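Below is one structure, written out as structure tokens; comments come after it.
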Amino acid sequence: MRLKDPPTRLLRRAVSAAALAALPLLSGCFWLDGPQSTFDPNGPVAREQLDLFYVTCWVTLAIFILVGSALAYAMIRFRARSDSDEHAEPPEQHHGNPVVEVSLIAASVFSLVIIAIPTLKGVWYTYDVPEAERADAYEVTATGYQWWFKFDYPNETAQAPDATGKLVSAPLTTGSELVIPAGRPVHVNLRTVDVIHSFWVPKLAGKVDMVPNRGNSLWIKAEKPGYFWGQCAEFCGESHAVMRFRVIALSPREFYDWLSAQAAPARGVPAAVASAGAPPRAQFAAYREFRRNEPGYTDKFDVSPLDAWRAQQLPGKDEDPALIAKGRGLFVSKTCASCHTIRGLDGAVGIQGPELTHVGARTTIAGGLLENNRDELHRWIHAPNEVKPGNKMWVNGYLANSIKLTPADEDALVAFLESLK
Ligand code: CUA
């Protein structure tokens, strides 16, 4: 087939390819304020990184436009204009123009320098809490497990009853949800117990790897109270894609309320108290009353994620003390206790799985994957392997110990876990 004007055909192809490439962008991938968007920074570290992204973007866009225009000009200016043109001898060839070559080298070096200056500045800034703020920095440790995150508060102490029932100090640890003070820099030590994971809260800071036998760290600062999505960003096994977590930033007062609530041993639901309505903890009770007086209030909490988190701190209104007591017994007899710690439950001192002392007060379960509600708790303990393939609760728990749960057992365990506010 003869083509009258091959360069025109080439141009047409280039335009169709560009249109095809733009389709996914136009079809909705262009949301810039999603829960894991890096275009919506909520702290100085994420903002520094976004600014650097923009600098790089503008420099490369300028290069693209310059090179693209030169290419388009050459294609149009020197195209074959007729059939005879197409088979004509190529024009006289030149190479080695020192002025053009030196200018191109100088332009490349200049572009690299423009990108390198803010890059180095960003590397220094994001590496550690700035000197001026260091005294105010709050310290936490995040540890990666296949496939969930553990969070330790090394400067806080919690209470746990000893064999005689006397309260003694214990480490303060949570899983899947990191609660931090808003407006303060937080220094996060990064550890792992198994393979390489990566800690990433897109709206607060870029990712840093958690490497075995290496003490990495990063710092984050949430400018305002908020609820942020986090994700493991390094392939770490079959359930890597569902290894998630949340960061909840609270105002200082609310943060210290939360700390003291976390420090307390697991909540018991004795029959007498429950029938009279379990007293919610003061700071969150006030919140419930406040919400209840608002028009359109429902117990469904389809409110902001942070409000939903606050609502999650409250005990449910339909607690069944007998069912909860049965669940507490099953937690030990079905060997859950050998992998999970519940401060205040005799024998529950396992450290392979997440700490569950206040699991009912979290908004998520299963490593930040499922919403923490009755249906999802059922789904999770009924067949954890279907939710998170290869997880240790299934492989080392259910399979290794031949754990079988009847529907009644599941109801009781779910009621017990829900009661752990
Ligand atoms: Cu942990 Cu990917």
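A few points about this structure:
- Portion, in percent, of the accessible area of the chain that falls on carbon or sulfur, probe 1.4 Å: 62 percent
- In sequence order, calculated HN-Hα J values of segment 352-360 (Karplus, 6.51, -1.76, 1.60; Hz; x Gly/Pro): 6, x, x, 4, 10, 3, 10, 4, x
- Segment 55-90 and segment 213-238: distance between their alpha carbon centers, rounded to Å: 45 Å
- Structural descriptor for the chain: relative contact order 14 percent, calculated from alpha carbon pairs under 8 angstrom and at least 6 residues apart.
- Selection from A182, L420, A263 lying farthest towards where the dipole of the chain points positive, charges on Cβ: L420
- Filtered chymotrypsin sites (Phe, Trp or Tyr not before Pro), segment 40-139: DSSP coil and at most 13 other beta carbons within 10 Å: F78
- For the residues R134, R184, R246, a GNM of the chain with alpha-carbon springs under 10 Å puts the largest fluctuation on R134.
- Working note: Cα gyration tensor of the chain, eigenvalues times five, square-rooted, sorted largest first, giving semi-axes of 56, 25, 21 Å.
- Selected from S103, S239, S37 as most flexible by GNM, with the chain as the system and alpha-carbon contacts under 10 Å: S103
- Build a GNM of the chain with springs between Cα atoms under 10 Å apart, and of Q231, Q49, Q93 the one that fluctuates most is Q93.
- Gyration tensor over alpha-carbon atoms, segment 162-262, equivalent ellipsoid semi-axes in Å: 25, 20, 12
- Classified by the C-alpha gyration tensor, segment 7-127 has an oblate form. Its axis ratio a/c, with a ≥ b ≥ c, is 1.5 or above, and a/b does not exceed b/c.
- Annotation for segment 318-389 versus segment 142-157: alpha-carbon center distance of 17 Å.
- Heavy-atom surface of segment 35-165, accessible at 1.4 Å and reported per residue (Å²): 69 Å²
- For the chain, the dipole from Cβ point charges (+1 on Lys and Arg, -1 on Asp and Glu) about the Cα centre works out to 300 debye, to the nearest 20.
- Cα lying deepest toward the dipole's positive end in the chain, options I105, T406, G34, charges on Cβ: T406
The values are calculated or read from the model by the stated rules, or taken from the named source; none is laboratory data. This is a predicted model, so every value here is computed, not measured. Heads up, the Cβs are rebuilt from the backbone with ideal geometry, glycines too, and the neighbour counts pull from every protein chain shown. The protein model used for the area step is the full one, side chains on, heavy atoms only, and it has no ligands, DNA or RNA in it. Shrake-Rupley method; radii C 1.70, N 1.55, O 1.52, S 1.80 Å.
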